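The values are calculated or read from the model by the stated rules, or taken from the named source; none is laboratory data. Here the structure is a predicted model, which means the values were calculated and not measured. Here the Cβ is made from the backbone with ideal geometry for all residues, glycine too, and neighbour counts use every protein chain on show. What goes into the accessible areas is simple: the full protein's heavy atoms, side chains included, and nothing from ligands, DNA or RNA. Shrake-Rupley method; radii C 1.70, N 1.55, O 1.52, S 1.80 Å.
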Amino acid sequence: MTALTDSGGNEPRGLWSAGWSRFRKNRFAVAGAVIVLSLYIVAILAPLLTPHDPIAHGDLPKTRYLSPRTGHPLGTDKFGRDVLARVLYGSRISLTISFLAVAISVIAGSLVGATAGYAGGIVDTVLMRIVDALMAIPRLFLLLTCIALFSRSVPLIIILLGATGWMATARLVRGQVLAIREQDFIKAAEALGAGRRRIMLRHLLPNTLTVIIVAATLRIGGIILAEASLSFLGLGVPSPIPSWGQMVFGGRDALLDAWWVSTFPGIAIAVTVIGYNLFGDGLRDAFDPKQGA
Amino acid sequence: MARFLARRLVQSLLLVFIIITINFFLLHLAPGDPLARYYHPDIAPETIELMREKLGLDRPLIEQYVKWIWSFARGDFGISLQYNRPVASLLAESIPNTLRLTAGALMLYIIIGVALGITSAVKRYSLFDRVSTVAALFVYSIPSFWLALMLILFFSLKLGLLPSSHMQSIGIEGAGHFAMFVDRLRHIVLPAFVLGVASAAAMARYMRGSMIDVLGEDYIRTARAKGLPDRKVFLKHAFRNALLPVVTIIGLSLPFLLGGSVVIEKIFSWPGMGRLTVDAIHARDYPVVLAVNFIVAVMVILGNLLADIGYACLDPRIVYTRVGESK
């Protein structure tokens with residue numbers, strides 16, 4: 001962290017506080033942050049926000065496919081379950097899965113990228129060719145292949161989403177490390193006798209931290225969409241657990257008569273992804289101006 | 001140029017080789033015995049051992065690996081467990097359909113993306129520019145399967161304007177070429193639009209950025225100073241140069257389109273590779289899944305190669321040389 005502020009040169013306030021004030025001035029970024037924050041609050045407070053159970057079946061067939069009304073503001077689904085309750089509880093699944101999957105992919109990607117960039121030579125070549133090969137396979141195909149080979153569960157989905165998303169981070173971090181590797185403070189650390197491991201973990205990775213965090217935030221939206229697509233195909237989160245993708249799929253049978261079953265979970269996905277993308281764009285513009293388009 | 005081509009080709013082959021290897025190890029990571037589905041009280045264990053021997057599953061791993069690579073390289077992807085047919089023939093049926101859908105999406109998104117991007121760049125900071133910026137973000141963030149359902153709900157179920165599934169109507173074959181063409185066109189509009197719309201948003205952003213860069217160049221100022229009308233400056237001078245970096249984006253969008261086709265094909269009952277894959281996964285039909293994986297990867301690598309070549313051909317300034325190598 002100190003290296004970060006020091007390398008900022010003559011900036012009196014330090015990179016973090018300067019970035020933060022830039023972030024606050026960006027209306028879209030603040031809107032994104034508010035959306036993301038509210039989503040976490042909703043996920044935590046879900047039981048307080050709705051009296052309905054998201055999993056237990058309703059009084060069939062009386063409460064099946066009720067249109068939106070008082071008591072069921074977003075209507076009910078095929079099994080008489082309250083759509084609002086399922087959307088609220090569904091946020092837990094989307095947020096948990098995306099957060100953990102991004103954490104896995106970012107940690108794995110950073111380690112691979114930093115190793116490749118710092119070690120160079122044959123290690124670099126081999127690692128980056130594997131990255132190229134994996135990136136040539138569209139992510140959904142890679143996910144589907146792995147799902148075909150193992151049996152489905154929430155932890156597996158998290159691991160697979162993480163394991164299929166580290167390649168881009170690896171490339172990014174490698175590029176950063178290559179740029180930083182030749183700077184004086186790394187040479188100084190080497191001259192002081194610091195080991196390779198220490199240089200990588202204490203000097204190289206912390207200096208790529210802003211880039212990594214920004215990339216991770218921007219990637220969460222994609223992961224939420226990937227999880228939703230899997231669940232929509234019936235290959236994601238197993239059945240009774242409320243997941244947005246699966247709920248959209250569940251409403252497919254009665255699209256014309258009960259449009260609300262598919263529509264609202266879809267809106268929830270869209271709002272979440274928009275929130276993360278705005279938040280991520282804002283972070284990038286505030287903390288990493290060079291990366292901006 | 002020839003040298004660059006040769007090097008890119010070797011690199012691509014190397015990638016294909018790595019992907020076959022990854023596929024092999026994925027298959028061997030899978031828990032369980034591949035012959036487990038033949039276990040049955042009526043089948044003697046000796047018979048299963050005989051099968052194992054015949055299929056070469058008792059051989060050392062390295063020997064199986066070499067065999068695997070050899071058969072993949074020849075286009076022999078094994079037998080589908082689900083249909084009991086060669087995987088290659090299943091692929092031969094579904095690949096053209098996926099390509100047709102992808103090509104439709106590609107055309108649609110290039111036209112929409114380029115048109116929107118250029119208009120945004122030319123009328124920078126106008127209302128149109130702002131609206132299209134917000135719309136791009138929105139389109140990029142909504143799940144494609146949801147958009148597909150909403151469009152089906154509106155255009156197929158409520159208005160009855162467009163068909164909601166399959167590639168063509170039943171019994172259309174006898175209706176003549178033109179009727180068949182119109183029928184197929186009506187079937188492809190919705191899936192191709194949903195598949196391409198997110199890429200169109202990305203394309204519009206890139207095109208806008210590229211166009212704005214070019215509009216700042218000296219030769220544009222010169223063209224304007226000469227008194228050329230705006231229209232001519234934009235279309236003749238700026239547009240062609242702004243298009244260059246965008247060519248690469250088209251190549252890079254291929255994995256995105258092919259990945260998206262999985263979901264779209266499932267929704268619209270489009271008989272392509274994506275639907276084949278999803279059905280194969282539900283049936284645990286590994287040979288099909290791995291073969292599709294391989295084919296898709298080859299398509300993506302080929303797409304990138306073509307994008308690189310196209311870029312080099314279009315822009316005479318680009319000379320591909322190794323770093324440190326003199327021209």
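Take A:Ala108 and decide whether it is over 19 Å from the mean Cα position of the chain (by Cα) and within 28 Å of A:Arg219 (Cα to Cα). When the stated conditions are applied, A:Ala108 does not pass them. Against the conditions (1) open to solvent by 30 Å² or more (accessible area, probe 1.4 Å); (2) over 18 Å from the mean Cα position of the chain (by Cα), A:Trp166 satisfies every one except (2).
Scan the range A:235-247 residue by residue and report those that are crowded, with 20+ Cβ neighbours inside 10 Å and more than 8 Å from every other protein chain (Cβ to nearest Cβ). A:Gly236, A:Val237, A:Pro242, A:Ser243, A:Trp244, A:Gln246, A:Met247, listed by residue number. Scanning the range B:144-175 for residues that are over 18 Å from B:Val189 (Cα atoms) and not charged (D, E, K, R), we see that the one that is farthest from the other protein chains (Cβ to nearest Cβ) is B:Gly174. The set of residues in the range A:37-82 being under 17 Å from A:Trp244 (Cα atoms), in contact with a Phe, Trp or Tyr (Cβ under 6 Å, 6 or more places away or on another chain) and either touching a residue at least 60 places away in the same chain (Cβ under 8 Å) or open to solvent by 50 Å² or more (accessible area, probe 1.4 Å) (or both) consists of A:Pro54, A:Leu74, A:Gly75.
Could you please give the count of residues in the range A:278-289 that are part of a helix (DSSP H, G or I) and open to solvent by less than 20 Å² (accessible area, probe 1.4 Å)? The number of residues fulfilling the criteria is 3.
What is the residue count in the range B:262-293 for residues that are open to solvent by 20 Å² or more (accessible area, probe 1.4 Å) and either more than 7 Å from chain A (Cβ to nearest Cβ) or within 19 Å of B:Leu81 (Cβ to Cβ) (or both)?
The qualifying residues number 10.
Note on the range B:130-143: among residues that are open to solvent by 60 Å² or more (accessible area, probe 1.4 Å) and of a type in the set (Val, Ile, Thr), the one that is farthest from the other protein chains (Cβ to nearest Cβ) is B:Val131. The number of residues in the range A:248-260 that are more than 10 Å from chain B (Cβ to nearest Cβ) and part of a helix (DSSP H, G or I) comes to 4.
For the range B:171-208, the set of residues classified as among the small types (Gly, Ala, Ser) and under 25 Å from the mean Cα position of the chain (by Cα) consists of B:Ala192, B:Gly196, B:Ala198, B:Ser199, B:Ala200, B:Ala201, B:Ala202, B:Ala204, listed by residue number.
With the condition kept exactly as written, say whether any residue in the range B:54-68 is of a type outside the set (S, T, N, Q) and either within 15 Å of B:Ala291 (Cβ to Cβ) or surrounded by 17 or more Cβ atoms within 10 Å (Cβ to Cβ) (or both).
Checked the range B:54-68: at least one residue is of a type outside the set (S, T, N, Q) and either within 15 Å of B:Ala291 (Cβ to Cβ) or surrounded by 17 or more Cβ atoms within 10 Å (Cβ to Cβ) (or both).
Is the range A:152-163 home to any residue that is away from chain B (no Cβ under 14 Å), open to solvent by 60 Å² or more (accessible area, probe 1.4 Å) and either closer than 30 Å to B:Leu14 by Cα or in a helix (DSSP H, G or I) (or both)? Yes, the range A:152-163 has at least one match. Residue pairs whose Cβ atoms lie under 8 Å apart, sitting 6 or more positions apart in sequence or on different chains, and linking a residue in the range B:11-30 that is touching a residue at least 12 places away in the same chain (Cβ under 8 Å) and under 18 Å from B:Pro287 (Cα atoms) to a partner that is surrounded by fewer than 18 Cβ atoms within 10 Å (Cβ to Cβ) and of a type in the set (Phe, Trp, Tyr), are B:Thr21/B:Tyr65; B:Phe24/B:Tyr65; B:Ala30/A:Phe150. Of everything in the range B:69-84 that is under 25 Å from B:Ile267 (Cα atoms) and out of contact with any Phe, Trp or Tyr (no Cβ under 8 Å at 6 or more places or on another chain), the residue that is least open to solvent (accessible area, probe 1.4 Å) is B:Ser80.
If only residues of the range A:188-234 that are of a type in the set (A, V, I, L, M), buried (at least 21 other Cβ atoms within 10 Å of the Cβ) and within 14 Å of chain B (Cβ to nearest Cβ) are counted, the one that is nearest to A:Gly165 (Cα to Cα) is A:Ile223.
Quick one: which helices (runs of 4 or more DSSP H) lie wholly within the range B:116-225 and hold at least 1 residues that are out of contact with any Lys or Arg (no Cβ under 8 Å at 6 or more places or on another chain) and closer than 25 Å to B:Leu257 by Cβ?
Filter on the range B:116-225 gives B:127-141, B:144-151, B:177-215.
Looking at A:Arg129, A:Arg174, can you tell me which residue is within 27 Å of the chain's Cα centre (by Cα), at pLDDT 85 or above and more than 12 Å from every other protein chain (Cβ to nearest Cβ)? Walk me through it before giving the result.
On the way: A:Arg129 fails: more than 12 Å from every other protein chain (Cβ to nearest Cβ).
After ruling out the rest, the residue left standing is A:Arg174.
Kindly check whether there is at least one residue in the range A:108-127 that is open to solvent by less than 10 Å² (accessible area, probe 1.4 Å) and closer than 25 Å to B:Gly272 by Cα. No; the residues of the range A:108-127 include none that is open to solvent by less than 10 Å² (accessible area, probe 1.4 Å) and closer than 25 Å to B:Gly272 by Cα.
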